[in-house]
Amino acid sequence: MKLPCLEGCGQCCLNPEVDASTLEMIPIALKIFDDGKLEEWLTKLDGPTQDHCLFYVRGNEPWQGQCGIYQERPALCRMFGVGGYMNKEREVTLSICKYISQKYPAETLAAKEKAKTEKAPVFAIWTSLVSNLGTPDLNQRLPINEALKRALHKISLLAQYENL
Ligand code: SF4
Ligand code: SF4
């Protein structure tokens, strides 16, 4: 059963509450460093505040857009749309984006039923698994642009030590 995003849609990326850990942003921070764009990005992040993710690439319509770092996007972005969470009864419940559920109401109901008997990916569990790789400092959840900034500063510091 498929519950795809609306074609061309990128509305969730405009949500200023998208968060990530510094650890999750290390892969894209390394790529930025390898591409020689570290200073450019630090300047961008220190510029006028933008409340949504700086990697968002807007489309022609206000609701259209896409991720500029799809391969390196953090965990929340990988699971948002159709992800699981534990309800008060400790059952896995699916959280499905309102645009997807409006477009595919029957499939949404079926997926929610299926989630009761089959294991759906639960965001909190995957976040916890990822956090096993980091320290409390690296695992702290921050607004995504702030997490990127911290990841870039850490890479920059490491690079300076390597050059000593
Ligand atoms: S990293 Fe990509 S998917 Fe996540 S909020 Fe930014 S643009 Fe959207
Ligand atoms: S999860 Fe929802 S808001 Fe986000 S891109 Fe998919 S359809 Fe659009």
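Residues that are touching a strand residue (DSSP E or B) at 6+ places or on another chain (Cβ under 6 Å) and either more than 10 Å from ligand 1 (Cβ to nearest atom) or assigned to a helix (DSSP H, G or I) (or both) within the range 1-38 comprise 3, 8, 13, 21, listed in sequence order.
In the range 57-84, what residues are more than 12 Å from ligand 2 (Cβ to nearest atom) and hydrophobic (A, V, I, L, M, F, W, C)? Within the range 57-84, 57, 69, 75 meet the criteria. (1) crowded, with 19+ Cβ neighbours inside 10 Å; (2) touching a residue at least 60 places away in the same chain (Cβ under 8 Å): which one isn't true of residue 133, the others all being true? The one condition residue 133 does not meet is (1). Note on the range 1-32: among residues that are over 25 Å from residue 140 (Cα atoms) and crowded, with 17+ Cβ neighbours inside 10 Å, the one that is nearest to ligand 2 (Cβ to nearest atom) is 9. The sole residue among 145, 87, 163, 139 that is within 22 Å of residue 10 (Cβ to Cβ) and away from ligand 2 (no atom under 16 Å from the Cβ) is 145. Residue by residue through the range 44-54, note down the ones that are modelled with pLDDT under 95 and either in contact with a helix residue (DSSP H, G or I) (Cβ under 6 Å, 6 or more places away or on another chain) or surrounded by fewer than 15 Cβ atoms within 10 Å (Cβ to Cβ) (or both). Within the range 44-54, 45, 46, 47, 48, 49, 50, 51, 52 qualify.
Kindly provide the set of residues from the range 47-96 that are part of a strand (DSSP E or B) and in contact (Cβ under 8 Å) with a residue 60 or more places away in the chain, ordered by number. So that I can check it myself, show each step before the final result.
Within the range 47-96, the first condition is being part of a strand (DSSP E or B), and the residues that meet it are 56-58, 64-67, 82-86, 92-96.
Answer for the range 47-96, where residues must be part of a strand (DSSP E or B) and in contact (Cβ under 8 Å) with a residue 60 or more places away in the chain: 82, 96.
Can you tell me which residue among 82, 57 is surrounded by fewer than 14 Cβ atoms within 10 Å (Cβ to Cβ) and under 15 Å from the mean Cα position of the chain (by Cα)?
Values: 82 fails: surrounded by fewer than 14 Cβ atoms within 10 Å (Cβ to Cβ).
Among 82, 57, only 57 is surrounded by fewer than 14 Cβ atoms within 10 Å (Cβ to Cβ) and under 15 Å from the mean Cα position of the chain (by Cα).
Does residue 44 satisfy the condition of being within 26 Å of residue 125 (Cβ to Cβ), over 11 Å from the mean Cα position of the chain (by Cα) and either part of a helix (DSSP H, G or I) or more than 13 Å from ligand 1 (Cβ to nearest atom) (or both)?
Working: within 26 Å of residue 125 (Cβ to Cβ): no; over 11 Å from the mean Cα position of the chain (by Cα): yes; either part of a helix (DSSP H, G or I) or more than 13 Å from ligand 1 (Cβ to nearest atom) (or both): yes.
When the stated conditions are applied, residue 44 does not pass them.
The values are calculated or read from the model by the stated rules, or taken from the named source; none is laboratory data. This one's a predicted model, so the numbers in the text were calculated from it and none came from an experiment. Note: ideal-geometry Cβ built from the backbone for every residue, glycine included; neighbour counts use all protein chains shown.
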